[in-house]
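All remarks here apply to the structure that follows.
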Amino acid sequence: MMVEAFDFFHVGRILFGNGRSQELGEFVRLWGQRVLLVTNAGQVGDGGLVDRVVEILEHVGVTVHCFRQRGEPNVEDVEAASRLASDHRCDGVVALGGGSAIDTGKAVAGLMTNGGSVLDYMEVIGRGQKLTRSAAPWIAVPTTAGTGAEVTRNAVIGCPEKKFKASLRSERLLPQLALIDPTLAVDVPRSVTARSGMDALCQLIESYTSNRAQPLTDGLALQGIELAARALPKVVAAGDDLESRGKMALAALISGITLTNVGLGAVHGFAAPAGANYPIPHGTVCARLLPPVIRANVAALQTESPSHPYLARYARIGRALTGANGSDDQVIEAGIEFLTNLVDDLQIPPLREFGLTPGGFPELVALARKASSMRYNPVTLPDDALLEILRQAH
């Protein structure tokens with residue numbers, strides 16, 4: 001069978017390992033003397049991680065200006081952080097924290113060299129202009145194992161006025177360096193570890209079943225699924241389990257590599273408008289929607305053809321999750337059951353706890369259809385199937 005053409009995007013360099021955050025200063029000082037630190041990992045003066053990172057940077061003669069990202073980023077956050085970077089004539093950006101901080105830092109780095117407003121470049125809700133210049137130098141330092149934003153070429157930004165989250169997307173946004181130190185996640189709350197980890201697992205599964213799936217990402221995604229399935233319950237149970245922290249950090253890193261190359265699917269198609277319209281953490285949306293989306297996709301694929309090639313992909317996912325044997329149908333069902341039980345065991349709350357009611361389902365379905373991730377779902381789902389997904393997650 002002929003191998004189809006594909007593109008593969010990647011960051012300039014990845015540093016991975018316990019304690020490697022201590023190497024941050026030697027890279028940042030190559031850019032200049034002033035850096036914007038975008039973080040949601042705490043605040044200056046609390047004696048925590050942010051202070052330790054500031055100390056590392058100041059030790060090599062870098063002046064640090066800090067922007068604290070609160071919650072998931074929106075247009076106003078990016079604009080405010082960009083003004084701060086401009087006012088202090090920053091030479092680059094360090095994004096420290098979860099996906100929210102990294103996406104904000106990524107967007108700011110892009111605006112520092114391309115100018116204008118973030119809405120000039122955003123998909124769906126913005127003007128969709130192309131970035132013509134490489135982003136300012138920036139380094140991603142994740143403190144959670146979830147979004148994989150440290151190696152993606154998009155920044156997800158919310159716009160409350162338009163009830164939507166959309167991406168600023170370009171290979172020019174990839175960082176010069178992704179620095180992954182699993183020890184930085186040791187103090188992350190259990191609930192954040194759980195929902196972030198489910199986001200990573202969801203991204204791996206959706207990458208593997210994307211209609212743009214390709215050879216380089218397929219092997220990575222399956223490896224990541226196996227890592228996350230084994231490590232996530234352990235690291236939620238014991239946050240100081242460094243072996244499991246390392247495996248989850250690697251799974252999240254892989255998920256970012258795969259999604260930035262092949263896209264995602266219906267779970268993330270829903271996640272964009274759900275997160276913009278309700279106070280639902282992104283990982284919670286992904287966790288609750290993942291099992292019903294898989295079930296809906298499998299049913300639709302079986303209707304198209306009992307031997308549809310993507311059914312074999314879902315079977316391989318089931319085996320990676322559970323190690324089960326049996327027919328493809330049996331293993332697919334075992335995989336869905338595994339994910340359903342995992343979400344419950346991790347105590348991920350249902351979506352109704354965040355104000356989503358059945359009356360809001362039709363609007364959410366209509367908004368989800370506009371999301372870029374929907375185009376990569378392995379099969380087109382009708383509205384009744386999308387409504388049923390929300391009912392099951394509710």
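Computed from the coordinates by the stated procedures, all read-outs in this text should not be read as laboratory data. This one's a predicted model, so the numbers in the text were calculated from it and none came from an experiment. Every residue, glycine among them, receives a Cβ derived from its backbone with ideal geometry; neighbour counts consider all protein chains shown.
Taking the chain, the Cys residues with no second Cys beta-carbon under 4.7 angstrom are CYS66, CYS90, CYS159. In the range 14-185, the DSSP beta bridges split such that about 25 percent are antiparallel, to the nearest 5.
Taking the number of Cβ atoms within 10 Å of each Cβ as an exposure proxy, the fewest-first ranking of PHE27, PHE16, PHE270 is PHE16, PHE27, PHE270. Where both bridge residues fall in the chain, DSSP classifies roughly 25% of the beta bridges as antiparallel.
For the range 190-393, the orientation-averaged shadow of the C-alpha convex hull comes to 10.3 nm² (one quarter of the hull surface). Bridgeable lysines around LYS370 (alpha carbons under 21 Å apart, same-chain partners fewer than 8 residues away excluded): LYS130, LYS162, LYS163, LYS165. Largest first, the three principal axis extents of the alpha carbons in the chain are 62, 48, 44 Å in whole numbers. Note on CYS159, CYS286, CYS90, CYS202: ascending count of other Cβ atoms within 10 Å places them as CYS159, CYS90, CYS202, CYS286, the fewest first.
When you filter the trypsin sites (Lys or Arg not before Pro) in the range 91-130 for DSSP loop state and at most 12 other Cβ atoms inside 10 Å of their Cβ, you are left with ARG127, LYS130.
Would you mind calculating the relative contact order of the chain from Cα pairs under 8 angstrom and at least 6 residues apart, reporting the percent as a whole number? Please list the in-between numbers first.
On the way: 814 pairs, mean separation 60.5, N = 394.
Computed value for the chain: 15 percent relative contact order.
Within a straight-line Cα-Cα reach of under 23 Å, LYS234 can be paired with the following lysines, leaving aside sequence neighbours fewer than 8 residues apart in one chain: LYS247.
Taking each DSSP H run with n ≥ 4 as -39500 (n - 2.57) and averaging over every residue of the chain yields -16000 deg cm²/dmol at 222 nm.
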